[in-house]
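Down below is the structure, laid out as structure tokens.
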Amino acid sequence: MVRVTYELEPASWAEELARVEAGHVVSVEGGRAVVEFPQRNWGRDVTLLVSSLLAGEWADSAALERCRLVGLEWPEGFPGPAFDAAEGVLVGAIVKPPVGLAPREFAETAAALAHGGADLIKDDELLGDQEWCPLEERVRAVAAAIPESVRYAPNVTGPVDGLLRRAERAVEVGASALMVNAFAQGLDALRALREADLGVPLFAHRVGAAFWIRGPLGVAGT
């Protein structure tokens with residue numbers, strides 16, 4: 001069973017929303033409703049889960065002026081993190097400027113960041129596999145320029161039909177982490193990378209999250 005908490009206006013529509021979604025109302029307090037949905041509705045299909053709970057047709061309804069997901073309880077059985085969190089404070093750095101650097105220049109900047117104490121170096125979300133800084137060439141250059149103790153996460157965001165292959169090739173030529181623009185690429189694409197067991201951590205960039213979390217409909221966030 002998946003349990004979710006919504007804040008709605010007007011609050012009297014909480015029970016009607018639950019009936020439309022074939023859920024069960026656990027509690028209603030003021031403008032907050034807690035609803036349970038059968039897990040079998042979606043199984044492990046992230047796209048259907050998002051389509052139902054986060055971006056369903058209820059969000060298109062003129063009847064709801066405000067409805068935000070503020071809590072979510074997952075059932076047991078979902079996989080946890082593939083990597084344990086490191087102890088202590090880690091320093092992350094982004095190579096700038098985001099566009100315009102050739103692989104050699106990019107690697108030189110990455111090396112300077114590593115020398116300055118960065119534990120993780122990543123691409124900017126605007127950088128992908130452009131012809132002036134090809135992904136594989138960039139990864140090779142950075143891997144040769146930084147210590148093995150420093151992780152580099154190149155951005156493998158791009159056409160979905162080549163996503164897994166880009167990720168595999170990036171790891172093969174030296175990437176020690178991977179980055180993907182999670183909301184632009186799609187949350188299920190992130191799941192596919194997670195289940196591909198690539199052997200490196202994944203960095204899910206938040207770009208695009210504002211469309212989900214900063215309006216009256218969607219997911220509560222900052």
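What is the set of long-range amide H partners of A153 at a cut-off below 5 Å, with H atoms built 1.01 Å from backbone N?
Counting only residues 5 or more places away or on other chains, the set is I121, K122, D123.
Could you give the length gained by full extension between H115 and R194, i.e. 0.36 nm per residue of separation minus their alpha carbon distance, to one decimal place? Present the calculation step by step, with values, prior to reporting the outcome.
Values: separation 79, 0.36 × 79 = 28.44 nm, distance 3.01 nm.
Length difference between fully extended and current span is 25.4 nm.
List, in order, the whole-Hz ³J(HN,Hα) value for each residue of region 161-166 obtained from phi through the Karplus relation with A = 6.51, B = -1.76, C = 1.60 and θ = phi - 60°; use x for Gly and Pro.
So the J values, rounded to whole Hz, are 5, x, 4, 5, 5, 4.
Label points 7 Å out from Cα along the Cβ direction at D45 and A209: separation in nm?
In this crude spin-label approximation the distance works out to 2.7 nm.
Kindly put H115, H205, H24 in sequence by how many other C-beta atoms sit within 10 Å of each C-beta, fewest to most.
Working: H115 11, H205 20, H24 14.
By the 10 Å Cβ count, ascending, the order reads H115, H24, H205.
Charges on Cβ only, +1 for Lys and Arg, -1 for Asp and Glu, centred on the Cα centroid of region 72-222; of W74, A110, P97, which one is farthest towards the dipole's positive end?
The residue sitting most towards the positive pole is P97.
Would you mind working out the magnitude of the charge dipole of region 92-208 relative to its Cα centre, with +1 at each Lys and Arg C-beta and -1 at each Asp and Glu C-beta, to the nearest 20 Debye?
180
What net charge do the residues around R206 carry, taking every other residue with its C-beta under 14 Å from that of R206, with Lys and Arg at +1 and Asp and Glu at -1?
On the way: positive: K122, R214; negative: D124, E125.
Residues near R206 contribute 0 overall.
Return one quarter of the surface area of the convex hull spanned by the alpha-carbon atoms of region 92-208, equal to its mean projected area, in nm².
Its average projected convex-hull area is 6.3 nm².
Take every Cα pair under 8 Å in region 92-208 that's 6+ residues apart, average their separations, divide by the length, and report that relative contact order as a whole percent.
So the answer I get is 23 percent.
A short reminder: the numbers here are calculations on the coordinates, not readings from a lab. None of these values were measured; they are calculated from a predicted model. As a convention, Cβ positions derive from the backbone with ideal geometry for all residues, glycine included, and neighbour counts pool all protein chains shown.
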